[in-house]
Amino acid sequence: MATPNTKRKRLIEKSLPPKIESYIPESRLFMQLQALERKLDSKIVRKRLEVQEALGKPVSKKRILRIFVSNLAANQQSAAVPMYDTDAETREAKLDMGEAPSWTLRVEGRLVDPVGATWKTRPPPHKFSEFLNSMVVELDRDPELHTDNVVQWRREAAESDVDGFEIKRRGDED
């Protein structure tokens, strides 16, 4: 039984039985045409690979890029002891010591390994930024209180690739 991923035989790959040649003399021309088409197909594939190598473009394969978005909160006040209930001097002292509430948004990504890949056949890992030319993150915060709600990253020529991006902001709101 054929699986769905098995390629079906193309018509030109099917050959005629030798008995047909004795009944239909034109069948010989058909077989010559099939041979010529096979040669032409192989030359087209070879030329396509030569052009791709000359342009420096690798052969493209369809893969899945999995993106992970996570956040981390630091120095958040618990509901039992809110920062705003303390006096002004204590609040200022906490902010000066670096204990201001903050959060970090992290965006990471990686290629999902192909099905059936072993550690020997697995392609080398790529950095997340290799797959991006630019990235824009728009934060849903009050524009009257925060002016830096849009964060943009664009690839620079001399920039090295990274595994992920971090956006860190002060605050304790969702």
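Filtered by the rule that a residue be open to solvent by 80 Å² or more (accessible area, probe 1.4 Å), of a type in the set (K, R) and in contact (Cβ under 8 Å) with a residue 24 or more places away in the chain, the range 141-172 gives R155, K168, R170.
On the given criteria, is V107 within 26 Å of S160 (Cβ to Cβ) and touching an Asp or Glu at 6+ places or on another chain (Cβ under 9 Å)? Spelling it out, V107 is indeed within 26 Å of S160 (Cβ to Cβ) and touching an Asp or Glu at 6+ places or on another chain (Cβ under 9 Å).
Can you pull out every residue in the range 16-37 that is charged (D, E, K, R) and assigned to a helix (DSSP H, G or I)? Matches in the range 16-37: K19, E21, R28, E37.
Can you confirm whether R46 is among the basic types (K, R) and modelled with pLDDT under 85? The answer is no for R46. Counting only residues that are over 13 Å from the mean Cα position of the chain (by Cα), of a type in the set (K, R) and assigned to a loop (DSSP other than H, G, I, E, B), the range 112-167 holds 4 of them.
Only a single criterion out of (1) more than 33 Å from the chain's Cα centre (by Cα); (2) hydrophobic (A, V, I, L, M, F, W, C); (3) at pLDDT 85 or above is not satisfied by V69, namely (1). Would you mind stating whether A88 is on the phi < 0 side of the Ramachandran plot, at pLDDT 75 or above and open to solvent by less than 90 Å² (accessible area, probe 1.4 Å)? It is false that A88 is on the phi < 0 side of the Ramachandran plot, at pLDDT 75 or above and open to solvent by less than 90 Å² (accessible area, probe 1.4 Å). Taking the range 96-111 as the range and being open to solvent by 60 Å² or more (accessible area, probe 1.4 Å) and part of a loop (DSSP other than H, G, I, E, B) as the test, the residues that pass are M97, E99.
Can you find, within the range 52-75, the residue that is farthest from R169 (Cα to Cα) among those that are among the aliphatic types (A, V, I, L, M) and surrounded by 10 or more Cβ atoms within 10 Å (Cβ to Cβ)? It would help to see each step written out before you state the result.
Initial filter on the range 52-75 (among the aliphatic types (A, V, I, L, M)): 54-55, 59, 64-65, 67, 69, 72-74.
Now restrict to residues that are surrounded by 10 or more Cβ atoms within 10 Å (Cβ to Cβ): 65, 67, 69, 72-74.
Details: L65: 27, I67: 21, V69: 16, L72: 11, A73: 10, A74: 10 Å.
Among them, the one singled out is L65.
The values are calculated or read from the model by the stated rules, or taken from the named source; none is laboratory data. In this text the structure is predicted, and so the values were computed from the model without any measurement. All Cβ positions, glycine included, derive from the backbone under ideal geometry; neighbour counts span all protein chains shown. Surface areas here come from the heavy atoms of the whole protein model, side chains and all, with no ligands, DNA or RNA. Shrake-Rupley method; radii C 1.70, N 1.55, O 1.52, S 1.80 Å.
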